[in-house]
């Protein structure tokens, strides 16, 4: 899928804690462009600013990790698949700050791209006065793997996780996509992750007919979390392929559940 176009160049910018702004901040209810620097490389990302922010208070914040098809350096493609279109369609009412970083081509959500994503999150929390007790992490496909990766790297940072069509072990066709935080000699990689994230509420989504990432990845992870007494929900869409995010991000109950999660308080268990 091609990006709509490169972001406008030549806009005034300034550096702040490794993050630069491109142009003025628009009225709430829209997207702003930002950049951050890791190891000398510049990463473009976007932030959705909710309209209700102008009425005061601290909004929840969502860090969204895109899939392999949205990698690049244009700073725009990651807004065109998954969560971005949902937020754009509900721009007048969507209540959260949404941070949408972009990983470079041929990279995954670990190492420098993961650090850039976390820098973007921290910058958005400061600039848009986000609620640090209601920071959520979600992603699809490669970003679903990245959701587990960043959650393991930053234990206790996120109030809830929403991994969509992701997993722990590499899919057969994409050996580079995996959760690097799991030791190679772990007897049960799903139990390893579950033991470390059992205190974080999780809602997993997957398509039963997914031909890219086996549905067994989410099934195994959900079962491991249940065995670890985790707060877990799992939704599997019968007959749906890899693009299960189209259904997941349009689940009304997802947003009610997500925004109710807060660090230090676990929701009631799913049946």
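Filtering 96, 123 for residues that are surrounded by 16 or more Cβ atoms within 10 Å (Cβ to Cβ), under 15 Å from the mean Cα position of the chain (by Cα) and touching a residue at least 24 places away in the same chain (Cβ under 8 Å) leaves a single hit, 96. Does the range 182-194 contain at least one residue that is in contact (Cβ under 8 Å) with a residue 24 or more places away in the chain and under 23 Å from residue 78 (Cβ atoms)? Among the residues of the range 182-194, not one is in contact (Cβ under 8 Å) with a residue 24 or more places away in the chain and under 23 Å from residue 78 (Cβ atoms), which makes the answer no.
The set of residues in the range 31-56 that are assigned to a loop (DSSP other than H, G, I, E, B) and in contact (Cβ under 8 Å) with a residue 12 or more places away in the chain comprises 39, 50.
Being in contact with a helix residue (DSSP H, G or I) (Cβ under 6 Å, 6 or more places away or on another chain) and either in contact (Cβ under 8 Å) with a residue 60 or more places away in the chain or surrounded by fewer than 22 Cβ atoms within 10 Å (Cβ to Cβ) (or both) is the filter here; which residues of the range 71-91 pass it? If the condition is that a residue be in contact with a helix residue (DSSP H, G or I) (Cβ under 6 Å, 6 or more places away or on another chain) and either in contact (Cβ under 8 Å) with a residue 60 or more places away in the chain or surrounded by fewer than 22 Cβ atoms within 10 Å (Cβ to Cβ) (or both), then 77, 81, 82 are the ones that fit.
Any idea which of 193, 202, 240 is within 19 Å of residue 149 (Cβ to Cβ), modelled with pLDDT of 95 or more and in contact with a strand residue (DSSP E or B) (Cβ under 9 Å, 6 or more places away or on another chain)?
202
The values are calculated or read from the model by the stated rules, or taken from the named source; none is laboratory data. Please read these numbers as outputs of a predicted model, since none were measured by experiment. All Cβ positions, even for glycine, are placed from backbone atoms using ideal geometry, and neighbour counts span all protein chains on display.
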